Amino acid sequence: MARYRELRRAYEQAKEAGKTVKIWRTAGDETVRDSHAAMDGVAVGIEENFEVGGEALFLPSDPDASLDETANCRCTVEYEVAQAGGAAGNSAEIRIEMLPIHETYQAWAPPLAWGPWKNLEQEIVSENYRVEYLIEAETRSNAPSSFIGEVEYFNVDHVQVRETFRGSHYFVLGDGAQVPKALFRSLSLGQNIHFQTRRRIISPEER
Ligand SMILES: [Zn+2]
């Protein structure tokens, strides 16, 4: 209960500060339950429930959930402000057809560890240009299992940010002279990830 009160306080503060997205984080070691390991990096709206092992948890250690999903849980939550287009990738589906496919990549997602960074192909355009990206990733492993990705880029406020995603992720690079990058982590066995980017350059006149 003390644990939940602590997480609940952090939630109130994040909401107060204008955060709109919450992201589940585990302690990242071997004693994390499988159902929670699968949640690492999952983002939902700040008022929404996480779906964990078939149960709805407002936050880790939610006292309304069963002990199976809460006893001794050390998981925590990070808070973010959704980017235009949705940090959780919510509106990515809407935009997929609008953006031309730009490039395809292969990446390695090691078991329970992050793989190497992959720079996203980018003709350098002026820093006054924004670049709209959609990353779509899937496993090429024979025994498909879950994985998460992370992107690092300079946002429209020219601040370097890192965002976690599953499957697809939409983001806007705020400075066309910067190169965004991505990496992947398997939540079980190591796997080959195939990913592609869709991309559109937005000139200063367009915005
Ligand atoms: Zn946990």
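Computed over the chain, relative contact order equals 24 percent, with contacts defined as Cα pairs under 8 Å that lie 6+ residues apart.
Rg to Rh for the chain: what is it, with Cα atoms only and Rh by Kirkwood? Working shown, then result.
Values: Rg = 17.9 Å, Rh = 18.0 Å.
On the Cα set of the chain, Rg over Rh gives 0.99.
Say the dipole of the chain comes from +1 at the beta carbon of Lys and Arg and -1 at that of Asp and Glu; which of ASN72, PHE195, ALA14 then lies farthest toward its positive end? Positive-end residue among those listed: ASN72.
May I ask you to derive the FRET efficiency for HIS102 and GLU30 from their Cβ-Cβ distance with R0 = 35 Å, giving the value to the nearest 0.05?
With a Förster radius of 35 Å, E is 0.35.
For the stretch 92-206, a crude dipole built from +1 on the beta carbon of Lys and Arg and -1 on the beta carbon of Asp and Glu, taken about the Cα centre, is about 500 debye to the nearest 20.
The stretch 92-206: percent of C-alpha pairs farther apart than 25 Å? Please report the intermediate quantities before stating the final value.
Numbers: 1383 of 6555 pairs.
Considering the stretch 92-206, 21 percent of its Cα-Cα pairs are separated by more than 25 Å.
The Kirkwood radius of the stretch 2-80, taken over pairs of alpha-carbon atoms, gives through the Stokes-Einstein law at 37 °C and 0.692 mPa s a diffusion coefficient of 263 µm² s⁻¹.
The calculated FRET efficiency for the pair ALA10 and SER66, based on their C-beta separation and a Förster distance of 22 Å, comes to about 0.45.
Where a number appears in this text, it was derived from the coordinates with a stated rule and is not lab data. All figures in this text were calculated on a predicted structure; none of them were measured in a lab. Cβ sites come from the backbone with ideal geometry, for glycine too, and all protein chains shown count toward neighbours.
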